[in-house]
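In what follows, a single structure is set out as structure tokens and then discussed.
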Amino acid sequence: MAEWKKYRMYINGEWVEASSGEYFESYNPAEGEPWCLVAKGTEQDVDRAVQAAQKAFEHPRWASMTYTQRGKLLRRLGDLIAERASELAVYETLDNGKLIREMRGQLQYLPEFFYYYAGLADKIHGETLPIDKPDMLAFTSREPLGVVAAITPWNSPLYLTTLKLAPALAAGNTIVIKPSEVTSASLLELMPLIEEAGFPPGVVNVVTGFGDPVGSALTSHPLVRRVAFTGGPESARHVIRNSAENFARVTLELGGKSPNIVFDDADADNAAMGIIAGIFGAAGQSCVAGSRAFLHKKIYDQVLEKVADRASRIIIGDPMAAETEMGPLATEAQVKRMEHYVNAGRQHGARLVYGGKQPEAGGSGWYFEPTIFEHTDPKSPIAQEEIFGPVLTVIPFETEEEAIALANGTNYALAAGIWTNHLAKAHRVAKSVRAGIVWVNTYRSISPIAPIGGSHWSGYGRESGYEAIYEYTQSKVVWVNTSGEPMPDPFIMR
Ligand code: NAD
């Protein structure tokens, strides 16, 4: 135990113990064993961090910094992350079990998000309004909101943090981040780079710990003006309730039950690869996991066979090994969750095509086989609820209308994949499908230039892209009387 790395929290530019003095264990899912200790934050720590962030927000060092200069700091941070991407990726894999090659790829791409918002920083401007009164000048400016509370899940810790951190800082806010209790290490490893990039103390703070009390105290803190939450619907409900206390503006990036719709004119090999990428990439632990495949009856057998064949050849194992294609799930609870849904699938009459259990060679790690169900009742739990793991349900359809109705038949609306070579059909379906992200003949593409987000149980608001700037600023309108005349009758509106 003595040799385990011990992570303190990062508040106001300093490494601090939790006020409780306590630590909790963080596990390596590949072994099912703890590998580091993380400070167990309290309400007091949250208050300390929010107060520091508020002071930093008001301090001229940050408040009077030009937007161009803030952009330069973000660019520098991007450069530093690029230099350290491989190292940071190791901490991600140690904590969440995702493939080192996927995490390396993600980390190597992360600087692009910082460069994008670095470039935008000094292009956040208002407008002069063509106001309908002759002696009046009216213009808007976009102003930062204040202290942002960012809460992230465990599946892509630094990527999901970046989606909040980069636009929040570009717009001139300060931030307190609470990472998932499952994966705190990589964010804490990022903090020295924040310092090295030149961000003043208190601009970026990290409080580690559990949803209750840390997440709860953070989202209800009276000084917090903005909450950026990524996680599941249950926690999101608490966050919304808390925002009734402080009126913070909230965005929610929640889960999905995303459909992959394969039409009979699609390239079957390509569609099968897309389905595999959508549900077995990252072991299905992705908000945009394509967990429902709708296959046209004419190509149903052909595509299902290809998917099942590739699934059966997926190399499961050590996420640090170069040849591994599917690593473990992030927590033991996730394994239990998969088992629960496999039982639910069977009970509701679905046929297990492949997988459905922990692989025999998995040792003490939290591995689970790629799992495919067919003959799935579209109303059954495995076709309705977010499983957040490598479990695919396959359902046939005959007409375009039927495919759209099936795709839209859940509470979620995050992402969708459409596989067809028919241009007009692709556009028709893209328009009709309820999702914030639609991929045609591809899946899981991301870019700092494109927005991410959904509706209904998938949440609200957008991250990434220019739209995120609106989520971290508010407009102010300034009216100037240019007539030089005194106010006329004060008892009428002008
Ligand atoms: P979770 O909701 O259990 O936890 C997410 C975060 O919320 C954690 O940091 C947790 O500590 C915190 N939290 C828990 N209770 C809280 C409370 N009462 N108040 C404030 N914060 C609280 O989710 P998870 O299991 O870590 O992650 C899986 C979920 O995240 C899935 O539903 C997945 O779809 C979703 N997700 C969404 C996206 C997206 O961009 N849409 C991306 C990744 C993950």
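The values are calculated or read from the model by the stated rules, or taken from the named source; none is laboratory data. Because the structure is a prediction, the values reported are computed rather than measured. Virtual Cβ from ideal backbone geometry, glycine too; neighbours counted across all protein chains shown. Calculation scope for accessible area: heavy atoms of the full protein, side chains included, ligands and nucleic acids excluded. Shrake-Rupley method; radii C 1.70, N 1.55, O 1.52, S 1.80 Å.
Could you tell me which of the residues Ile316, Ile279 is touching a Pro at 6+ places or on another chain (Cβ under 7 Å) and more than 24 Å from Pro381 (Cα to Cα)?
Exactly one of Ile316, Ile279 is touching a Pro at 6+ places or on another chain (Cβ under 7 Å) and more than 24 Å from Pro381 (Cα to Cα), namely Ile316.
I'd like to check which helices (runs of 4 or more DSSP H) are fully inside region 182-276 and have at least 1 residues that are at pLDDT below 95 and assigned by TED's automatic domain parsing to the domain that holds Glu25.
233-246
Is there a residue in region 403-419 that is over 27 Å from Asp377 (Cβ atoms) and out of contact with any strand residue (DSSP E or B) (no Cβ under 8 Å at 6 or more places or on another chain)?
no
For region 248-306, how many residues meet the condition of being at positive phi and touching a strand residue (DSSP E or B) at 6+ places or on another chain (Cβ under 7 Å)?
Looking only at that region, the number is 2.
Filtering region 377-415 down to residues that are crowded, with 21+ Cβ neighbours inside 10 Å and polar (S, T, N, Q), which residue is nearest to Leu99 (Cα to Cα)?
So the residue we want is Thr393.
In region 54-83, what residues are surrounded by 13 or more Cβ atoms within 10 Å (Cβ to Cβ), closer than 27 Å to Tyr109 by Cβ and touching a helix residue (DSSP H, G or I) at 6+ places or on another chain (Cβ under 6 Å)?
Tyr67, Arg70, Gly71, Leu73, Leu74, Arg75, Arg76, Leu77, Gly78, Leu80, Ile81, Ala82 - these are the residues of region 54-83 that are surrounded by 13 or more Cβ atoms within 10 Å (Cβ to Cβ), closer than 27 Å to Tyr109 by Cβ and touching a helix residue (DSSP H, G or I) at 6+ places or on another chain (Cβ under 6 Å).
Yes or no: Pro134 modelled with pLDDT under 95 and open to solvent by 30 Å² or more (accessible area, probe 1.4 Å)? If you could, list the steps in order and put the result at the bottom.
Working: modelled with pLDDT under 95: yes; open to solvent by 30 Å² or more (accessible area, probe 1.4 Å): yes.
Yes: the conditions hold for Pro134.
Of all residues in region 467-494, how many are aromatic (Phe, Trp, Tyr), open to solvent by 70 Å² or more (accessible area, probe 1.4 Å) and farther than 23 Å from Pro130 by Cβ?
So the answer is 1.
Taking region 283-301, which residues are more than 10 Å from the ligand (Cβ to nearest atom), among the hydrophobic types (A, V, I, L, M, F, W, C) and open to solvent by 10 Å² or more (accessible area, probe 1.4 Å)?
Hit for region 283-301 is Ile299, nothing else.
Within region 200-221, can one find any residue that is of a type outside the set (Lys, Arg), within 22 Å of Tyr460 (Cβ to Cβ) and more than 10 Å from the ligand (Cβ to nearest atom)?
yes
Please find, within region 153-183, the residue that is nearest to Tyr7 (Cα to Cα) out of those that are near the ligand (Cβ under 10 Å from one of its atoms) and of a type in the set (D, E, K, R).
Going through the qualifying residues, I end up with Glu181.
Checking the conditions here, which among Ser220, Ser243 is among the small types (Gly, Ala, Ser), farther than 26 Å from Arg76 by Cα and open to solvent by 30 Å² or more (accessible area, probe 1.4 Å)?
Ser220 is the lone residue from the list that is among the small types (Gly, Ala, Ser), farther than 26 Å from Arg76 by Cα and open to solvent by 30 Å² or more (accessible area, probe 1.4 Å).
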